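As structure tokens, the structure follows; a few thoughts come after it.
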Amino acid sequence: MDANYLVRAIYNIAKRLDDMKIFKHTFPFNNTEMEMMKEIVHVKEEGGRIISSDLAKELGVTRSAVSQIVNKLEKQNVVRRVPDERDRKIAYIELSESARGIYEKIKDEINRVMGEIIAKLGEKKVQDFIDYADEFVGAFDAAVSKCEKIDFTLPAADGARA
């Protein structure tokens, strides 16, 4: 298989995946915010509560990034900080009731769309796609890890000092 064709095809598929929109209107949350809400809901459904440092670990971001996101979402009445009853230095992050309702609507719509895709393609094709994509990404990462480091520094223009 021609390497140039492969790179173009994969780039086009990745771009199409990145450009996918589940909703026809502007989505209210970015991926990290949605992942944060999903984690808050998951912990709550398991009977627990979550603090910022645990959210940072789960999301793979810094505590300051979580703090910025929580501050932004708190201003929008999406999340709230709830102080611990015994230790006021600890604050749990919870979804507001209105945000929980919106989150559930979003989740239901995503489930509907995914259900429609499964109905059209069948579970086997969908699972095969996931398995092959995962296998491909693993092979890609392994191959890239063996690449030599390339210096992308361009020489200074004629007569210019670097």
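The values are calculated or read from the model by the stated rules, or taken from the named source; none is laboratory data. Since the model is a prediction, treat every value here as computed from it, not as a measurement. Positions of Cβ are generated from backbone atoms using ideal geometry, with glycine treated the same way; all protein chains shown enter the neighbour counts. Calculation scope for accessible area: heavy atoms of the full protein, side chains included, ligands and nucleic acids excluded. Shrake-Rupley method; radii C 1.70, N 1.55, O 1.52, S 1.80 Å.
Computed values, structure above
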{"read-out": "Selection from segment 31-58 of residues that are among the aliphatic types (A, V, I, L, M) and either out of contact with any helix residue (DSSP H, G or I) (no Cβ under 7 Å at 6 or more places or on another chain) or open to solvent by 30 Å² or more (accessible area, probe 1.4 Å) (or both)", "value": "Met34, Ile40, Val43, Ile51"}
{"read-out": "Residue among Val61, Val113, Val66, Val70 that is outside any helix (DSSP H, G or I) and either of a type in the set (D, E, K, R) or closer than 25 Å to Met37 by Cα (or both)", "value": "Val61"}
{"read-out": "Residue check, Val61 among the aliphatic types (A, V, I, L, M), more than 15 Å from Tyr103 (Cα to Cα), open to solvent by 50 Å² or more (accessible area, probe 1.4 Å) and touching a residue at least 12 places away in the same chain (Cβ under 8 Å)", "value": "yes"}
{"read-out": "The listed residue being without any contact (Cβ under 8 Å) to a residue 40 or more places away in the chain, hydroxyl-bearing (Ser, Thr, Tyr) and touching a Ser or Thr at 6+ places or on another chain (Cβ under 8 Å), out of Ser67, Ser53, Ser96", "value": "Ser67"}
{"read-out": "Pairs where the first residue, in segment 10-21, is at pLDDT 85 or above and small (Gly, Ala, Ser) and the second is open to solvent by 80 Å² or more (accessible area, probe 1.4 Å) and assigned to a helix (DSSP H, G or I), C-beta under 9 Å, 6+ apart", "value": "none"}
{"read-out": "Test: Tyr11 is farther than 29 Å from Glu116 by Cβ, loosely packed, with under 11 Cβ neighbours inside 10 Å and of a type in the set (Phe, Trp, Tyr)", "value": "no"}
{"read-out": "Filter result (over 25 Å from Asp134 (Cβ atoms) and either outside any helix (DSSP H, G or I) or touching a Cys at 6+ places or on another chain (Cβ under 9 Å) (or both)) within segment 28-58", "value": "Pro28, Phe29, Glu46, Gly47, Gly48, Arg49, Ile50, Ile51"}
{"read-out": "Condition check for Ala119: loosely packed, with under 11 Cβ neighbours inside 10 Å and in a helix (DSSP H, G or I)", "value": "yes"}
